[in-house]
Amino acid sequence: MRTANWGVLIWLVLALAGCATGGDKRSELEQRQYDYSAAIRWGDFEGAWSVVDPEIRAKYPKTALEFERYKQIQISGYTDLAAEVSADKLHARREIQIGVINKHTMTERSIRYTEVWRFDPATKTWWITSGLPDFWAGM
């Protein structure tokens, strides 16, 4: 029985080591972009706001009323159209198409949004500097 337990333990350790060193690991930028887009897709705009550059959040703070406005919409799609990273790997851009449904009128429309990202070497974190999408532009 003990050898079976050791065998299972060794198998688990090797499996976890394989996960940690897998060649399929996403880059930090891709993971951060995925987390941000997931927050937007699921309507967690306060969570998405936490990925916005702290300098931008301090300069343009969101009020509770502004966050309430996001409850009027539902995201129906979030499509990555194009992406690029600068040669110095400190800046990135992503063109996004977002499907938006107005919950009151049940009308759907599509907007384009450019995400602008910067890497902060001090915190070793990617931040979005373009802020949250403006779903009401031109309305």
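Can you give me the number of residues within the stretch 95-139 that are more than 19 Å from Phe45 (Cα to Cα) and not in a strand (DSSP E or B)?
Selection size over the stretch 95-139: 9.
Confirm whether Ala92 is assigned to a strand (DSSP E or B), more than 20 Å from Ala137 (Cα to Cα) and at pLDDT 95 or above.
The answer is yes for Ala92.
So for the stretch 82-96 (the condition being under 12 Å from Phe135 (Cβ atoms) and surrounded by 15 or more Cβ atoms within 10 Å (Cβ to Cβ)), does at least one residue qualify?
Scanning the stretch 82-96 turns up no residue that is under 12 Å from Phe135 (Cβ atoms) and surrounded by 15 or more Cβ atoms within 10 Å (Cβ to Cβ).
Of these, Thr114, Thr105, Thr123, which one is surrounded by fewer than 14 Cβ atoms within 10 Å (Cβ to Cβ), within 19 Å of the chain's Cα centre (by Cα) and over 19 Å from Ala58 (Cβ atoms)?
Values: Thr105 fails: within 19 Å of the chain's Cα centre (by Cα); Thr123 fails: over 19 Å from Ala58 (Cβ atoms).
The match here is Thr114.
Of all residues being part of a helix (DSSP H, G or I) and without any contact (Cβ under 8 Å) to a residue 24 or more places away in the chain in the stretch 25-54, which is surrounded by the most Cβ atoms within 10 Å (Cβ to Cβ)? Just the residue, please.
Ranking the qualifying residues of the stretch 25-54, first place goes to Ala39.
Of the residues that sit in the stretch 81-126 and are touching a residue at least 40 places away in the same chain (Cβ under 8 Å) and of a type in the set (Val, Ile, Thr), which one is farthest from Leu29 (Cα to Cα)?
Ile98
The values are calculated or read from the model by the stated rules, or taken from the named source; none is laboratory data. The shown structure was predicted, so the numbers you read here are calculated from the model rather than taken from an experiment. Neighbour counts run over all protein chains shown; Cβ positions are idealised from the backbone, glycine included.
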